Amino acid sequence: MSENPVGFGLLGAGLVAPFHAKSLRSSSKATLVAVADMNRERAEKLAKEYECKCLTTLDELLDCPGVEAICVLTPNHAHHDVVIAAARAGKHVLVEKPPAMTLRETDSMIAACKEADVRFGIVLQCRVRKAIQAMKKAIESGRFGRLLHADAYMKWFRSTEYYLSDGWRSSRASGAGVTVQHAFHYIDLLQYLAGPGKRIWARMNNLSHPQVDLEDTVLSIIEFESGAQGVVEASTGLWPGTDIRIEINGENGTAIMLGERMQTWKFRDEQPEDEEIRRYGSESIQTAASGPADFAFFDHKVVIEDMADAIREHQDPCIPAISTRPSLEMVLAMYQSARVGDWVPIPLESEQGIL
Ligand SMILES: NC(=O)c1ccc[n+]([C@@H]2O[C@H](COP(=O)([O-])OP(=O)(O)OC[C@H]3O[C@@H](n4cnc5c(N)ncnc54)[C@H](O)[C@@H]3O)[C@@H](O)[C@H]2O)c1
């Protein structure tokens with residue numbers, strides 16, 4: 001344990017909370033002080049298992065001695081108000097994706113954290129995968145040459161029981177559609193790797209979950225500012241669910257990540273490190289293709305430990321909220337395009353949300 005581990009509090013003790021709790025329990029840089037959930041039973045269960053204080057409200061968590069940073073693990077529509085309150089109380093915030101439901105909300109959260117001089121990170125843990133970091137480095141060093149294609153394929157499965165298990169999971173207003181909820185990770189990866197979109201076309205429908213009024217499938221074409229083009233095919237309706245695929249093609253090379261492993265890594269100028277990069281990742285590690293909690297916690301741990309470093313060293317975390325704003329804008333453009341049936345330019349001329 002470091003001499004001065006950062007004290008974290010969790011707001012929300014639902015599905016994703018154990019990934020944070022396990023990361024904190026196994027970290028020497030950070031420690032879990034308390035968990036708060038309006039559902040007392042959930043908070044008690046988590047607090048007992050991970051040996052921390054059990055609370056039920058945000059106010060109690062903000063007042064709790066030793067809590068320096070809050071992991072915001074509430075449903076998507078609730079992120080904004082929690083972040084504003086936490087920043088005003090001088091707490092650093094690490095927020096589960098997506099940052100918020102609108103750009104306006106995201107901007108006001110960023111401004112509040114800046115004003116309070118607290119760190120503001122987003123949990124988009126796929127960014128820290130070794131395969132993605134290798135792609136990022138190769139793009140930045142020019143190894144791909146001109147980027148031609150950046151594609152994301154997410155052919156997942158979620159049961160009807162999943163959608164009906166909690167009110168917000170089937171509520172469009174809470175941010176439950178596949179585009180903003182599940183595919184956000186991979187749209188963000190395309191933005192992280194290929195840069196922001198310039199215009200977007202999308203079509204959304206519901207293939208397998210007639211009991212809920214949501215899109216469970218999105219097809220999208222993206223023209224990036226960089227001149228590259230790409231597609232997103234994302235669904236939670238394709239049983240049994242297969243590993244996601246991120247594909248990057250440049251004039252001088254191709255890289256494909258399947259799940260979290262590098263499946264293809266081929267450049268015209270083979271380098272000595274390429275052999276090792278081809279071995280990144282493992283087939284045995286699940287990445288949530290078939291169930292909402294079927295994934296490992298170590299990517300969360302990297303993000304949380306980075307946040308602890310950012311707090312102690314007074315610097316930006318590795319996934320600052322501002323870096324995820326263009327991803328949210330692309331997602332909002334997809335919803336708008338699906339509504340109007342036409343291409344939507346970015347920056348968005350008017351923000352219409354996801355409803
Ligand atoms: N990074 C990932 O891979 C990943 C995976 C799953 C979920 N998520 C994200 O995590 C967040 C939470 O998702 P989940 O599936 O854990 O949801 P969940 O419904 O399982 O848990 C949310 C919990 O928050 C509690 N809550 C809501 N508002 C509250 C408030 N104001 N005060 C106290 N408690 C409150 C609820 O009672 C609930 O127990 C969402 O933003 C989701 O997108 C991320």
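Just so it is clear, none of the values below were taken in a lab; they were calculated from the coordinates. Computed from a predicted structure; not experimentally measured. When we count neighbours, we look across all protein chains shown, and the Cβ atoms used for this are built from the backbone with ideal geometry, even at glycine.
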_Using the Cα centre of the chain as origin and beta-carbon charges of +1 (Lys, Arg) and -1 (Asp, Glu), tell me which of Pro272, Ala176, Ala293 is placed farthest towards the positive end of the dipole._
Pro272
*Cα gyration tensor category, rounded, prolate or oblate, for region 225-355 with a/c compared to 1.5*: rounded
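What value in Å³ per residue do you get for the convex hull of the alpha-carbon atoms in region 221-269?
On the way: hull volume 4.4 nm³, N = 49.
Looking at region 221-269, the number lands at 90 Å³ per residue.
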_Choice from His314, His209, His77 with maximal GNM fluctuation in the chain (Cα, 10 Å cutoff)_ = His314
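For the chain, what is the percent of antiparallel DSSP beta bridges, rounded to the nearest 5?
60
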*What's the local net charge at Trp343, with K and R +1, D and E -1, over the other residues with C-beta under 13 Å away?*
+1
*Taking only the alpha carbons of region 1-146, what extent do you get along each of the three principal axes, in Å, biggest first?*
54, 35, 30
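Pull out the extension gain between Leu164 and Asp342, defined as 0.36 nm times the separation in residues minus the alpha carbon to alpha carbon distance; nm, one decimal.
On the way: separation 178, 0.36 × 178 = 64.08 nm, distance 3.17 nm.
Difference between extended and current length: 60.9 nm.
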*asked:* Less than 12 Å Cβ to Cβ from Ser170, Lys/Arg counted +1 and Asp/Glu -1: what total charge do the surrounding residues give?
replied: -2
*Based on Cβ point charges of +1 for Lys and Arg and -1 for Asp and Glu, what charge dipole magnitude is obtained for region 213-355 about its Cα centre, in debye rounded to the nearest 20?*
200
*Across the Cα atoms of the chain, what radius of gyration and what greatest pairwise Cα-Cα distance (Dmax) are found, in Å?*
19.8, 58
*Determine the sum of side-chain charges near Lys22: Lys and Arg each +1, Asp and Glu each -1, restricted to other residues whose C-beta is under 11 angstrom from that of Lys22.*
+1
